[in-house]
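Each remark here refers to the structure printed beneath this line.
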């Protein structure tokens, strides 16, 4: 989410400018000392080094001049010497005549120094003496916000803007920030939209508008119910996985085809009030229909659930899935999987991911040769690294996967190693480009009963996905995937190109 501190400069400038609009009226004595007048002139010209020496000379000559002491403290503050600034601003408040505007400057200084308890004491005095009520309320809101008293802070900001309309935009901004801290994102969005509407071209308005965009994304992600519908048209150059050496295959003429693909998915998430624990459950439907080849059309149903435990920089997930696939009207495969995937944010924009997944797979088609039965158990270990960029809208992901299959048929038992990279790059306004590449090395355990050789495969996959958001929640997708399988058993060698265009709706 957008950095909370980036809007700070704007409202500090506003509140101090409001205080200084009446610089000549806050003093309780007239600057009849020529040297003091010179120092004030230098201060207003921002010649702080000269002003500092001048005010030191005045205080040396007239140590009882509260106005000179005040200006000396104020000059130290502008020069960011906060220790001396605090000393002289406090002194001016204990002198006669009292420089009441020093209260506002001192409170602001204590806020910047993080001395919130002391700031609160001076805020109470400012409120009792009715010194700059609007600015006092605003600074009270900032201080309460820093100490986690968000409801009281919002009340103070509301009072500040009711007392001085010039503070309305800054107060609304801070009200929005307070609601974010309270995780009341809908209220925060409403407050920050008002900031933008008050002055869309101001720096604070720009900050607020970026916040609104981030909050809209978060509200959409945090919505309990999600739904996805996707329709695609695909061309597949090798539907039947025909070997590269066609002399090895008899009776296969057409291997390429087009197909329609439809996907539907819906899920619901239950969360605890603080968001630290959640459970998501859902259902997915997949339909793929070939247009020319009369085989390999399939229907898939999946039921899934995922428990989540969220900590400050750690997200633990526990995904469980059941999948059932029908091919050409016949039961083909059901599988059940579950495990843990843990995510660790170790830097502002970097994350490590590690996990382990167990799966049980059962192929339901008739097996003529027992050694070719692929049913069995699978254990997958995952480790990955993410680097996020472009305000977390893009990322680079490097990953390594180790995969062990124990199957009923000895021909399909293997140990696999997969390495890959994915880059998602947002560009222009509504375009995203995703590039990916994987290399998968499979080392089979036993001698193949048919070919009398121990099989080793290498599978290389590369792809690109271009998406364009037509309107909110609706996007066009254009995808290309290339698969090259190389094996020491020639029958398993093949090339495959898949090109697709799709339209997708997400809610």
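Quick note: the coordinates plus some simple rules give every number you see, no bench work behind them. Just so you know, these numbers come straight off a predicted model, no measurement behind them. A quick note on method: Cβ atoms are made from the backbone with ideal geometry, for glycine too, and the neighbour counts reach across all protein chains shown.
Observations, loosely collected:
- Average Cα contact separation per residue, segment 4-218, under 8 Å, 6 or more apart, as relative contact order %: 13 percent
- Annotation: the residues 89, 109, sorted from fewest to most other C-beta atoms within 10 Å of their own C-beta, follow the order 109, 89.
- Candidate values (i) 293; (ii) 160; (iii) 172 were compared with volume of the Cα convex hull per residue in Å³ computed on the shown model; the agreeing label is (iii).
- Degrees, to the nearest 10: 66-78 long Cα axis against longest axis of the chain: 20 degrees
- Summary of the geometry: segment 380-452 and segment 33-111, compared by the centres of their Cα atoms, lie 66 Å apart.
- Extension gain, residue 389 to residue 495, is 34.7 nm, computed as 0.36 nm per intervening residue step minus the present C-alpha separation.
- With Cα atoms, 0 to 90° folded angle of helix 133-146 axis to the chain main axis: 40 degrees
- Angle between the chain longest axis and helix 203-222 axis [Cα atoms, degrees, rounded to 10]: 40 degrees
- C-alpha center-to-center spacing [segment 182-251, segment 333-365] in angstrom: 23 Å
- Computed lengthening from residue 281 to residue 452, 0.36 nm per intervening residue step minus Cα-Cα distance: 57.0 nm
- Footprinting exposure proxy for 165, 80, 159 (fewest neighbouring C-beta atoms within 10 Å first): 80, 165, 159
- Under the criterion of Cα pairs below 8 Å and six or more residues apart, the relative contact order for the chain equals 8 percent.
- R0 of 60 Å, Cβ-Cβ distance residue 120-residue 421: FRET efficiency to nearest 0.05: 0.70
- Note on residue 369 and residue 228: the model spin-label points, each 7 Å out from Cα along the C-beta direction, lie 3.8 nm apart.
- Volume of the Cα convex hull of segment 4-218, divided per residue and given in Å³: 113 Å³
- Counting only DSSP H runs of at least 4 residues, each contributing -39500 (n - 2.57), and dividing by the residue count of the chain, the helix-based mean residue ellipticity at 222 nm comes to -10500 deg cm²/dmol.
- A Förster distance of 56 Å, applied to the separation of the beta-carbon atoms of residue 506 and residue 406, puts the FRET efficiency at 0.90.
- Mean sequence separation of contacting Cα pairs (under 8 Å, at least six apart), scaled by the length of segment 409-491, corresponds to a relative contact order of 26 percent.
- Residues 108, 263, 217, sorted so that the one with the fewest Cβ neighbours within 10 Å comes first: 217, 263, 108
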